[in-house]
Amino acid sequence: MPEIYLEEWPPYSPNDLERRNGAIEVARLMMNAAFTAPKAGGVPQVEGHIVWGQSEQERIARKMEELAQSRRSNRLWWNMFKYEAVMVRESDAVLFLGNYQLFRPFETGCNLCGGVGGCQWFYERKGAHFGQVDVSEVQHPEWLIDGPVCGIRLQGFGLAVGSALEVATRLHVDARPLSSVGIAGQKLGYCPKSPMVVGIPIAAQSKSPYVDILPDYHIYNLSRYVDAIRRQHVITRMVHWFDYRNWDVMAELEQGKSEEGEGK
Amino acid sequence: MGIYNGNKLAQENLLDVARYCTMAAVKAPQITGKVNILTEIITEEDIDPLEEILGIQAKTSIVAEGDYNTLKYCREEGLRPVILLVGASNLRHCELEWDCGACGFSTCEEFNKYSDEVKAEVSKLRRCYHLGPQCSWKQLDLGSAMCWASAAAAEFNVENRMIASIWNVAKLVGYMEQAESGAALCLGPIKNLIYYDRPSLRGKWTAQEHMEFLFRAMPSHFMGFTGAKDPRFKYGDEWEKKPKRVHIAPRSEEYFAEIAEDENKIDQICARVKAGLKAKREGNK
């Protein structure tokens with residue numbers, strides 16, 4: 001029988017890739033939970049994408065860093081996107097969840113979207129005729145999300161996200177729902193039918209990548225530290241030469257010790 | 001050693017499960033980290049006014065009819081559920097400054113301005129189950145909290161379902177005063193599929209009534225060829241020989257008069273329950 005060796009270091013090594021497979025399986029099960037989550041009227045509304053791999057995760061992280069610049073003046077926004085880009089890089093996989101019914105109201109006139117005016121408030125703002133929204137028509141291309149969206153569907157979306165997270169918890173996989181990841185994922189074309197997407201990076205590692213975050217985390221994180229160590233290590237070698245074939249400098253230490261012993 | 005009736009004991013423990021569900025709702029991961037989750041638990045006879053209002057609404061709502069009959073069945077069996085209300089209070093103001101547009105406004109500031117402007121109008125609505133407008137990301141977080149409460153109940157193998165109509169009537173009569181949106185999570189009774197296959201609804205309608213419901217719910221499924229302008233309707237086996245045609249008709253004035261009368265009855269129940277709740281809350285202080 002073949003044996004499977006799992007260890008999380010070094011990243012993307014065969015043993016680490018084997019370990020990641022467990023998290024990817026959990027992502028599939030989280031998707032099941034999102035599909036079966038309670039929802040208003042039981043109406044199908046959820047779609048998902050599971051994304052993993054170094055280049056794929058890097059692409060998402062870079063999109064997040066690009067989006068961070070769109071609100072440069074909002075320091076918390078900028079931090080969120082920059083820090084969470086690191087989390088995406090450190091994750092085993094990313095699960096994207098979208099709700100493709102957000103532009104199709106539940107039509108109970110609940111007033112969640114506009115406070116007053118029932119579903120008409122929504123339809124008027126979507127330029128609808130006969131209660132039909134042209135979902136292919138982007139009204140505010142400059143906005144991150146082309147709102148408004150139906151409030152009842154949003155709560156259903158929350159139920160799907162919550163259900164997926166609950167499965168991750170039960171299966172001992174760290175997961176965190178992030179708007180930054182979702183917005184970046186939507187811009188990259190994940191969950192293509194949905195106007196709003198939530199990104200859930202997941203990880204089955206010794207240390208959760210999503211909590212205990214340092215200030216300026218985009219600078220002070222493990223990947224940067226490893227990079228710094230590699231750099232320093234090379235520089236140290238380059239400036240402290242040693243002719244190891246003709247000079248056993250450490251032997252001098254041993255000799256020093258033995259001379260000390262003789263003196264006692 | 002005592003001997004216990006297991007079913008009775010389990011029924012009595014529903015309140016404990018509601019406690020755990022509350023913990024789960026508050027513990028649910030949030031995207032915003034800003035949503036203030038609120039809960040209230042309704043038990044025993046305090047559920048009855050909710051059933052009473054649903055009974056009135058049942059005349060015009062198939063949803064209310066189903067939930068009314070289910071609560072009635074549970075009461076008559078001596079197995080009322082425990083109702084956990086899960087809501088949130090700070091949804092109408094957005095301090096995130098994400099300016100994402102999901103709410104329909106280009107900035108959070110514009111959203112907040114509109115939200116403040118419309119508050120007076122919202123407060124005058126006669127029936128208000130959810131107070132909008134709301135920040136989209138916060139609504140999503142509230143949904144997750146509801147889900148975690150429900151999942152906690154499932155972990156205990158407790159029959160449960162989130163029911164919008166019960167939230168609506170609970171909100172009407174004065175529960176969850178501070179909450180701007182939410183849902184009612186019915187926990188128990190100790191029976192199977194109470195809120196799904198609904199044994200309580202067995203024999204409540206005839207085959208003909210069932211078909212008439214389908215006609216209304218999915219009219220296009222029963223429509224004949226539209227070439228004759230008013231298409232024929234497949235109301236029964238004789239639909240072709242003795243045709244009936246689709247025609248849009250307004251509701252009668254009597255229908256609306258009856259609804260207005262029912263709304264007055266609901267107002268009276270709300271006033272009665274609100275007075276009782278106020279006294280209870282003052283007693284709790």
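The values are calculated or read from the model by the stated rules, or taken from the named source; none is laboratory data. In this text, all values refer to a predicted model and were calculated from it rather than measured experimentally. Here the Cβ is made from the backbone with ideal geometry for all residues, glycine too, and neighbour counts use every protein chain on show.
The table below gives the values:
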quantity: Candidate set from the range A:124-136 (those that are within 33 Å of the chain's Cα centre (by Cα) and surrounded by 11 or more Cβ atoms within 10 Å (Cβ to Cβ)); member that is nearest to A:Y100 (Cα to Cα); calculated: A:V135
quantity: All positions within the range B:50-100 that are under 19 Å from B:K34 (Cα atoms), touching a helix residue (DSSP H, G or I) at 6+ places or on another chain (Cβ under 8 Å) and among the small types (G, A, S); calculated: B:G87, B:A88
quantity: Residues satisfying the stated conditions in the range B:94-113, i.e. more than 8 Å from chain A (Cβ to nearest Cβ) and either without any contact (Cβ under 8 Å) to a residue 60 or more places away in the chain or of a type in the set (D, E, K, R) (or both); calculated: B:C94, B:E95, B:T107, B:C108, B:E109, B:E110, B:F111, B:N112, B:K113
quantity: Set B:A153, B:A164: member being among the small types (G, A, S), touching a residue at least 40 places away in the same chain (Cβ under 8 Å) and more than 9 Å from chain A (Cβ to nearest Cβ); calculated: B:A153
quantity: Test result for B:M176, assigned to a loop (DSSP other than H, G, I, E, B), under 27 Å from A:K39 (Cα atoms) and at pLDDT 90 or above; calculated: yes
quantity: The range A:117-137, residues that are assigned to a loop (DSSP other than H, G, I, E, B) and more than 11 Å from chain B (Cβ to nearest Cβ); calculated: A:G127, A:A128, A:F130, A:G131, A:V133, A:D134, A:V135, A:S136, A:E137
quantity: Any chance B:Q57 is within 14 Å of chain A (Cβ to nearest Cβ), closer than 27 Å to B:R202 by Cα and modelled with pLDDT of 95 or more; calculated: yes
quantity: 3 or more residues over 19 Å from B:W148 (Cα atoms): qualifying helices (runs of 4 or more DSSP H) within the range B:1-91; calculated: B:6-12, B:48-57, B:62-76
quantity: Only one of A:Q139, A:Q155 that is among the polar types (S, T, N, Q) and touching a residue at least 24 places away in the same chain (Cβ under 8 Å); calculated: A:Q155
quantity: Residue list for the range A:67-80, filter: under 15 Å from the mean Cα position of the chain (by Cα) and more than 10 Å from every other protein chain (Cβ to nearest Cβ); calculated: A:L67, A:A68, A:N79
quantity: Matching entry among A:R62, A:R104, A:R28 (being touching a residue at least 24 places away in the same chain (Cβ under 8 Å) and surrounded by fewer than 20 Cβ atoms within 10 Å (Cβ to Cβ)); calculated: A:R104
quantity: Residue in the range A:149-163 that is more than 9 Å from chain B (Cβ to nearest Cβ), in a loop (DSSP other than H, G, I, E, B), farther than 20 Å from A:A27 by Cα and at pLDDT below 95 present; calculated: no
quantity: Residue in the range B:124-134 that is facing chain A (nearest Cβ under 8 Å), closer than 25 Å to A:A164 by Cα, assigned to a loop (DSSP other than H, G, I, E, B) and not acidic (D, E) present; calculated: yes
quantity: Test: B:E159 is more than 9 Å from chain A (Cβ to nearest Cβ), in contact with a strand residue (DSSP E or B) (Cβ under 8 Å, 6 or more places away or on another chain) and surrounded by fewer than 24 Cβ atoms within 10 Å (Cβ to Cβ); calculated: yes
